[in-house]
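Peer 1: The structure that follows is given in the form of structure tokens.
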Amino acid sequence: MPVLITKRTQEGGAVSQEPQSIAPWASSAARARIAEVAAGLTDLSLDGVTATVRRALGEHARRFDQEGIVLYAGTNVMSEAAQRAGGPLVASRPSMGWPGEKYQTGLDSLDLLEVLAPTLVGRLVGARFAEVRSQSATLANLAVYSAFAQPGDTIAVLPQRAGGHTSHHAVGAPGVRGLRVVDLPYDIDAFDVDLAALPGFLELECPRLVVIGASLLLFPHRVAAIREITEAAGALLVYDASHMAGLVAAGRFQRPLAEGAQVLTFSTYKSFGGPPGGVIATNDAALAERASTAVFPGLTANYDAGRLAPLAVTAAEILQDGGAYADRCMANARALAAALHDEGFTVAGVDRGFTESHHVAVDAHLLGGGQAAAAGLAAAGIYLSAVGLPWQREEEPARDRGLRIGTQEVTRRGFGPDDVRQTAVWMADVLLRDADPEPIRKAAAALRAGIS
Ligand SMILES: *Cc1c(COP(=O)(O)O)cnc(C)c1O
């Protein structure tokens, strides 16, 4: 039964009822699913809603958190210590302005968090300045665009098929800022920006910003070489380490700021393993001031100081752990990639040892594309996503040709190389050998139960 809202007509007085709708502009698949869910929502009383919410979270916790093998690259679970440090009630305590000049009174104790979190996060990524108040990396990127580019300016970003993120492309944050977005030339064999083509490209397009760092990053960018070229062209080099932040913070993969990136942005909840949020880090005081001012008072007024507590604890854990977690993530990625290759999958980067990060990419072209393959694996309790691949052609029917895997969550859950190799066998059972997913889902849940 559709939910009904009451709407006053223009004449006033009389009321008419129209069926409420969530997103009539969405795809037919989305509209069908929304309608299916809405049809089940018959009790909107407080008791009914409370029960519905509890059921949704309970089912999610069981299927995804307890039983699932989550290989989705853009997620993680916070450590127990970070979870315990969370202050959900603080989130609704508006906190506006720097410690010492806050708009509100009585929040002095929270000043500790507002100094502690950027201190630790900045130290980890080798930055004098870390702005941690953005609620997401998308908003951190928007702040960077707002600080360093004017409407009508051009920015150059990685193509979507090479991991350029929505928040780099015109459909996302740059479009909101009114920027013109062009795709950087890309070298498929190098898995990186095409260094030979870059100088001529920058001369032609004159971008204010060059954004590197991708949603799929198997090998480090050649940051120093790219910076030399962007510097000569007068463009600011921004590195979005949303996925790599946990490795970068551990001193693994690469050190974007030390290698030449002028601004570093990232998500704090992916490989970094903290609460959701975004960071802008830099060593340049003038850049820091502009970016930070775009965050506050630009894009945030009150911000969630409660989020800074688990962020600080997560950062302290990374400092203390000395890179051991990052190393385990990378070792699991290499083991998983090799096992998938042995099973018969087409794994990206085969000539270069598959990966130097915690990411692995599989070409799912012959498996019906990334979305279809991901859906098949989900039925077996193995959760991941499709991804564009650099060699994908515009005209290919599947939107995303590849499967993207990240090992950061299963590593946190205690998986070692043997466990990811077992996972590779199950993936091959489902996608290459047409096995029934249900027994695999049960076996995956049993593996999870045995480890955690
Ligand atoms: C995930 C991702 C983001 C967005 O992060 P949010 O914190 O979810 O907004 C930005 N950039 C890249 C490269 C990403 O992969």
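Peer 1: Scanning the stretch 399-452 for residues that are touching a helix residue (DSSP H, G or I) at 6+ places or on another chain (Cβ under 6 Å) and at pLDDT below 95, which turns out surrounded by the fewest Cβ atoms within 10 Å (Cβ to Cβ)?
Peer 2: Result: Asp400.
Peer 1: Taking the stretch 369-412 only, how many residues are under 21 Å from the mean Cα position of the chain (by Cα) and of a type in the set (Asp, Glu)?
Peer 2: 2
Peer 1: Do we have Val295 as open to solvent by 40 Å² or more (accessible area, probe 1.4 Å) and within 21 Å of the chain's Cα centre (by Cα) here?
Peer 2: Working: open to solvent by 40 Å² or more (accessible area, probe 1.4 Å): no; within 21 Å of the chain's Cα centre (by Cα): yes.
Here the answer is no, as Val295 does not meet what is asked.
Peer 1: Shifting gears a bit: Mind checking whether some residue in the stretch 212-219 is away from the ligand (no atom under 15 Å from the Cβ) and either out of contact with any helix residue (DSSP H, G or I) (no Cβ under 6 Å at 6 or more places or on another chain) or modelled with pLDDT of 95 or more (or both)?
Peer 2: There is at least one residue in the stretch 212-219 that is away from the ligand (no atom under 15 Å from the Cβ) and either out of contact with any helix residue (DSSP H, G or I) (no Cβ under 6 Å at 6 or more places or on another chain) or modelled with pLDDT of 95 or more (or both).
Peer 1: If you scan the stretch 146-173, which residues turn out to be in a helix (DSSP H, G or I), more than 12 Å from the ligand (Cβ to nearest atom) and not hydrophobic (A, V, I, L, M, F, W, C)?
Peer 2: Across the stretch 146-173, the qualifying residues are Ser146, Arg161.
Peer 1: When the stretch 386-398 is examined, which residues are found to be crowded, with 21+ Cβ neighbours inside 10 Å and within 18 Å of Leu340 (Cβ to Cβ)?
Peer 2: Val387, Leu389
Peer 1: Condition (residue is surrounded by fewer than 16 Cβ atoms within 10 Å (Cβ to Cβ) and either in contact (Cβ under 8 Å) with a residue 12 or more places away in the chain or in a helix (DSSP H, G or I) (or both)) applied to the stretch 126-136: is it met by at least one residue?
Peer 2: Within the stretch 126-136, one or more residues are surrounded by fewer than 16 Cβ atoms within 10 Å (Cβ to Cβ) and either in contact (Cβ under 8 Å) with a residue 12 or more places away in the chain or in a helix (DSSP H, G or I) (or both).
Peer 1: Checking Ala170 against (1) over 30 Å from Val313 (Cα atoms); (2) touching a Pro at 6+ places or on another chain (Cβ under 9 Å), which test does it fail?
Peer 2: (2)
Peer 1: Next up: State whether the residues of the stretch 99-113 include one that is within 16 Å of the ligand (Cβ to nearest atom) and part of a loop (DSSP other than H, G, I, E, B). Give the derivation first.
Peer 2: Just the residues of the stretch 99-113 that are within 16 Å of the ligand (Cβ to nearest atom), to begin with: none.
The answer is no; no qualifying residue exists.
Peer 1: Something else about it: Residues that are within 30 Å of Gln104 (Cβ to Cβ), at least 2 per element: which helices (runs of 4 or more DSSP H) completely within the stretch 283-359 meet that?
Peer 2: In the stretch 283-359, the matching helices (runs of 4 or more DSSP H) lie at 285-293, 308-321.
Peer 1: Go through the stretch 242-262 and give me each residue that's under 17 Å from Glu131 (Cβ atoms), more than 13 Å from the ligand (Cβ to nearest atom) and within 18 Å of the chain's Cα centre (by Cα).
Peer 2: The one that is under 17 Å from Glu131 (Cβ atoms), more than 13 Å from the ligand (Cβ to nearest atom) and within 18 Å of the chain's Cα centre (by Cα): Ala249.
Peer 1: May I pose another question? Having 3 or more residues that are surrounded by 10 or more Cβ atoms within 10 Å (Cβ to Cβ), at pLDDT below 95 and of a type in the set (A, V, I, L, M, F, W, C) is the bar; report the helices (runs of 4 or more DSSP H) wholly within the stretch 13-98 that clear it.
Peer 2: Those helices (runs of 4 or more DSSP H) span 28-40.
Peer 1: Could I ask something else about it? Since Val210 meets every condition but one in (1) without any contact (Cβ under 8 Å) to a residue 60 or more places away in the chain; (2) under 23 Å from Arg404 (Cβ atoms), which condition does it not meet?
Peer 2: Among (1) without any contact (Cβ under 8 Å) to a residue 60 or more places away in the chain; (2) under 23 Å from Arg404 (Cβ atoms), the lone unmet condition for Val210 is (2).
Peer 1: Could you please find all residues in the stretch 116-129 being hydrophobic (A, V, I, L, M, F, W, C) and under 16 Å from Pro310 (Cβ atoms)?
Peer 2: Within the stretch 116-129, Leu116, Ala117, Leu120, Val121, Leu124 meet the criteria.
Peer 1: Restricting attention to the stretch 151-183, report how many residues are without any contact (Cβ under 8 Å) to a residue 12 or more places away in the chain and either in contact with a His (Cβ under 9 Å, 6 or more places away or on another chain) or under 23 Å from Glu231 (Cβ atoms) (or both).
Peer 2: Adding up the residues that qualify gives 1.
Peer 1: Same structure, new question: Please go through the stretch 214-231 and pick out each residue that is among the small types (Gly, Ala, Ser) and over 13 Å from Gly260 (Cα atoms).
Peer 2: Ala214, Ser215
The values are calculated or read from the model by the stated rules, or taken from the named source; none is laboratory data. Note that this is a predicted model, so its numbers are computed, not measured. Every residue, glycine as well, gets a Cβ built from its backbone with ideal geometry; the counts of neighbours run over all protein chains shown. Each accessible area value is taken on the protein alone, full model and side chains, heavy atoms only, with ligands, DNA and RNA left out. Shrake-Rupley method; radii C 1.70, N 1.55, O 1.52, S 1.80 Å.
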